[in-house]
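First up is the structure itself, then whatever we jot down about it.
The values are calculated or read from the model by the stated rules, or taken from the named source; none is laboratory data. Small disclaimer: the values here were computed from a predicted structure and weren't measured. Here the Cβ positions follow ideal geometry from the backbone for every residue, glycine too, while neighbour counts run over all protein chains shown. Keep in mind that these areas ignore ligands, DNA and RNA; they rest on the heavy atoms of the full protein, side chains included. Shrake-Rupley method; radii C 1.70, N 1.55, O 1.52, S 1.80 Å.
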Amino acid sequence: MVDVDRCHTEHVQLSDDDVARVADAIRTAEAATIAPRFGALAAGDIAEKTPGDVVTIADHECEALLVDALRTIDDVPVVGEEGVAADHAVLGHLRSGDCWLVDPLDGTKNFAKGWTGYAVMVARVVEGRSVASWIWIPHRDQMAIARADAGAVINDAPIRMAPGDPDPATWSAVIRTRYVPEADRPPVERFRDGVGTPVGGVGCAGIEYVDLVTGAVDLLFYWRTHPWDHAPGSLLAVEAGAGALRPDGSDYRPDDDRRGLLVSATADEAARRFRAALAG
């Protein structure tokens, strides 16, 4: 059981056994619900929550298994992507500040197309801050785990990012603009144009965060920041030596629903340059 001082997140104690139990629960849920349906979804197994936003039977079944498993480890509310889609009031548990966050299938569109670019993500949130996170990428056999103030590992090997170059001409960056409204596109495009090598994302934030901490890219920029998409990866990045900042330079928090997130070893400089792009 997680031993949590409900008043002070810095006193959170997450045992090695708890961390391993969560990782095992994620692998077990994915193996039971997602792996058997990879490349084998029937037409009736796929639906749209909103236009262009797909969900599959595997999303629902994986989340259900994880809800049950996580509550046996620490019996606090679970805020899952599909639970929120069914009842937006579920997000209130995040606002109250003590919950699990679950993205049962990050990269659902890829999965539905039979592509391997998907992950399962979980974070433990206390007082609106992530204190532990897990990202499981099945087709890479990678389990990334981070604990607040205790570092990050991938498959038990410690991960530490090299200091970044402050010159944006050297940056390779995933700059996601799909959800940027037309009125906000000009500054985002000015920022993107100042980056040396914009690269396409893979449609799975979990994979993109792992690619960041392992050095495949230098910067991630997201406009829409659903907590289940970014709480796990932002903690991984911070514990590996990056910054995860809002455009105004404030630290990312999963209970903050503002738009815009820059994650990089040089996040301060990236945020400064983004603010300059906003100013025109």
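Can you name every residue in the stretch 37-67 that is loosely packed, with under 12 Cβ neighbours inside 10 Å and assigned to a helix (DSSP H, G or I)? Full working, then the answer.
Residues of the stretch 37-67 loosely packed, with under 12 Cβ neighbours inside 10 Å: 39-40, 42-44, 48, 50-53.
Correct list: ALA43, GLY44.
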Of all residues in the stretch 235-280, how many are within 22 Å of MET121 (Cα to Cα), touching a residue at least 12 places away in the same chain (Cβ under 8 Å) and not in a loop (DSSP other than H, G, I, E, B)? 12
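Quick check on PRO227: is it buried (at least 16 other Cβ atoms within 10 Å of the Cβ), within 12 Å of the chain's Cα centre (by Cα) and under 21 Å from MET161 (Cβ atoms)?
Against the criterion (buried (at least 16 other Cβ atoms within 10 Å of the Cβ), within 12 Å of the chain's Cα centre (by Cα) and under 21 Å from MET161 (Cβ atoms)), PRO227 does not qualify.
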Top-ranked residue of the stretch 122-141 - restricted to ones that are of a type in the set (A, V, I, L, M, F, W, C) and open to solvent by 10 Å² or more (accessible area, probe 1.4 Å), ranked as farthest from LEU235 (Cα to Cα): TRP136
Output the residues belonging to the stretch 75-121 that are farther than 19 Å from ILE137 by Cβ, surrounded by 21 or more Cβ atoms within 10 Å (Cβ to Cβ) and among the acidic types (Asp, Glu). GLU82
Could you please let me know if ALA23 is surrounded by 15 or more Cβ atoms within 10 Å (Cβ to Cβ) and out of contact with any helix residue (DSSP H, G or I) (no Cβ under 9 Å at 6 or more places or on another chain)? yes
Please work out if VAL202 is surrounded by fewer than 21 Cβ atoms within 10 Å (Cβ to Cβ), among the aliphatic types (A, V, I, L, M) and on the phi < 0 side of the Ramachandran plot. yes
What pairs can you find where one residue is in the stretch 174-193 and hydrophobic (A, V, I, L, M, F, W, C), the other is assigned to a helix (DSSP H, G or I) and open to solvent by less than 70 Å² (accessible area, probe 1.4 Å), and their Cβ atoms are less than 6 Å apart, with a gap of 6+ or different chains? VAL174/GLU208; VAL180/VAL188; PHE191/PHE274; PHE191/ALA277
So is LEU14 at negative phi, touching a Gly at 6+ places or on another chain (Cβ under 8 Å) and open to solvent by less than 60 Å² (accessible area, probe 1.4 Å) or not? no
Some residue of the stretch 182-195 being surrounded by fewer than 18 Cβ atoms within 10 Å (Cβ to Cβ), modelled with pLDDT under 95 and not in a helix (DSSP H, G or I): yes
Would you point out which residue out of VAL84, VAL102 is among the β-branched types (Val, Ile, Thr), out of contact with any Ser or Thr (no Cβ under 6 Å at 6 or more places or on another chain), closer than 21 Å to ALA20 by Cα and at pLDDT 95 or above? VAL102
